[in-house]
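As structure tokens, the structure follows; a few thoughts come after it.
Read-outs: derived from the displayed coordinates by stated rules, not from any lab. As the structure is a computational prediction, the values presented were derived from the model and not from experiment. As a convention, Cβ positions derive from the backbone with ideal geometry for all residues, glycine included, and neighbour counts pool all protein chains shown.
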Amino acid sequence: MTTDKLFSPYKLKSHTFKNRIGVAPMTRMSSSEDGIPRRDVLDFLVRRARNGAAIVYTEAIVTDYESAQGYPGQSRILTQRQIDAWKPVVQGIKAAGAVAVMQLFHCGRMAWPEINPARRVIAPSPISPRQANPMTGKPYPLPDEMSLFDIRHVIRGFAESAAGAVEAGFDGIEIHGAHGYLICNFLSAYSNQRHDAYGGTVEKRCRFAREVIQAVKARLPADRLLTFRISNWGVADPDVSLFVDQDEYRQAVRILSREPIDALSVSTYSYSDRAFGTQRNMAQLTREATDLPIMICGKIYDRRSAEDALQDADIVLSAKAILLNPDWVADVREGKALALPASEEANVAYTQTPLP
Ligand SMILES: Cc1cc2nc3c(=O)[nH]c(=O)nc-3n(C[C@H](O)[C@H](O)[C@H](O)COP(=O)(O)O)c2cc1C
């Protein structure tokens with residue numbers, strides 16, 4: 001059964017989304033030494049807005065020059081040239097009637113020291129992922145346990161990058177708290193074994209995320225959006241449940257929801273998967289713990305899956321389907337038969353090939 005909800009507007013603060021469909025954040029590894037994505041990668045985002053997406057997230061932007069970068073060719077927004085490069089992108093997205101949000105990220109223990117100018121890997125605790133880095137074939141290096149100086153320094157990187165995004169005109173910021181990167185490293189006892197104010201109880205493990213949120217919020221004009229991305233899985237050691245059970249997850253959501261964020265973006269492998277051995281999916285468990293708007297992502301690829309996912313969320317985000325098909329929103333609207341993209345198909349994102 002089709003409903004109108006997917007193509008109905010949605011209001012979030014002073015922003016009106018023209019429908020409930022967004023482009024999920026997607027790292028493209030296309031920037032050279034200047035920290036600016038390739039022209040065609042920037043154009044790709046504007047095209048997705050023109051072709052009907054209501055909200056467009058940027059790739060994960062690296063928040064400092066010391067330890068934040070996790071992949072080659074990631075971009076920053078800390079210099080005037082970097083800020084200026086994004087201005088026409090933001091204008092293009094807005095001119096298409098969509099909302100432009102920049103995702104900010106520190107890779108934490110997923111670092112690749114060769115590509116960080118200071119050659120550092122930092123994390124809440126000196127514990128590396130079990131698996132090797134698939135891109136280098138080498139083990140991930142043992143991270144330095146972050147000192148209080150490191151913590152303050154990294155938070156300043158998020159705040160400065162947020163200021164850069166505001167200067168570029170973005171409608172909002174997303175703080176990447178998912179997928180096994182730094183903020184997620186703090187949230188999960190799998191990677192956080194600290195005994196100070198930043199580790200131990202769920203409340204303490206959420207402290208770093210809360211401080212990042214507050215520091216970013218302080219740099220945002222009142223009309224800008226602030227979203228927080230969360231997941232129960234990480235890119236490395238993907239089978240590990242990062243929250244031990246549904247209670248711990250819900251507690252973290254409750255704690256984060258007390259902060260000045262406007263929506264939670266829940267990232268899953270597959271939106272409909274039952275979570276933590278319950279009969280409920282991640283969006284449903286999140287809804288039990290928060291009144292915040294929920295964005296949901298994971299194997300949403302056609303009208304049926306989008307409408308189904310939207311039963312438990314306010315916005316659906318697509319990564320692979322919209323990456324590979326510039327007309328995805330129109331095809332969904334028409335209810336076209338669409339195939340679920342295979343993971344390997346998305347590798348084109350990291351090549352020099354301009355995407356349509
Ligand atoms: C090429 C590619 C790059 C990605 N980069 C990011 C990223 O920078 N930040 C992020 O939060 N998620 C990133 N993801 C994860 C997606 O946003 C999304 O959560 C995941 O692909 C599941 O959605 P899908 O089934 O619609 O592809 C990336 C995914 C792909 C395919």
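Given the Cα-Cα distance of ARG280 and GLU345 and 0.36 nm per residue of separation, how much length would full extension add, in nm?
In short, 20.5 nm is gained.
Pop out the ³J(HN,Hα) list for the range 197-211 in order, Karplus 6.51 cos²θ - 1.76 cosθ + 1.60 with θ = phi - 60°, rounded to Hz; leave Gly and Pro as x.
Residue by residue, the range 197-211 yields 5, 9, x, x, 5, 4, 3, 6, 5, 7, 4, 4, 4, 5, 5 Hz.
P(r) for the range 5-350: what percent of alpha-carbon pairs falls in each 10 Å bin, starting at zero?
6, 27, 37, 25, 5, 0
Need one number: convex hull volume per residue for the range 99-149, Cα atoms only, in Å³.
130
Kindly list the residues of the range 296-340 that lie in the label zone of THR353, defined by a backbone N under 19 Å from the point 7 Å along the Cα-to-C-beta vector.
Backbone N within reach: 319-328, 339-340.
Work out from phi, with θ = phi - 60° and the Karplus expression 6.51 cos²θ - 1.76 cosθ + 1.60, the ³J(HN,Hα) of each residue of the range 143-151, listed in order in whole Hz, and give x for Gly and Pro.
x, 6, 5, 5, 7, 5, 4, 4, 4
Scan around GLU174 for amide H atoms under 5 Å from its own, H built in the peptide plane at 1.01 Å from N, and keep only partners 5 or more places away or cross-chain.
MET102, GLN103, LEU104, THR227
Which of SER75, SER343, SER147 ends up with the largest GNM mean-square fluctuation for the chain, with Cα atoms connected below 10 Å?
It is SER343.
Tell me the mean residue ellipticity at 222 nm calculated for the chain from its helices only (DSSP H runs of n ≥ 4, each -39500 (n - 2.57), averaged over every residue, nearest 500).
Computed ellipticity for the chain at 222 nm equals -9000 deg cm²/dmol.
Starting at the first residue of the range 343-356, write each ³J(HN,Hα) from the Karplus equation 6.51 cos²θ - 1.76 cosθ + 1.60 with θ = phi - 60°, in whole Hz, x for Gly and Pro.
4, 4, 4, 6, 4, 4, 4, 9, 9, 7, 5, x, 8, x
Need one number: nm distance between label points at SER8 and ARG210, each 7 Å from Cα along Cα→Cβ, rounded to one decimal.
Result for the modelled spin labels: 3.5 nm.
Which residue, VAL240, VAL23, VAL329, tops the fluctuation ranking in a GNM of the chain built on C-alpha contacts under 10 Å?
Maximum fluctuation in the GNM of the chain, among the listed residues, is at VAL240.
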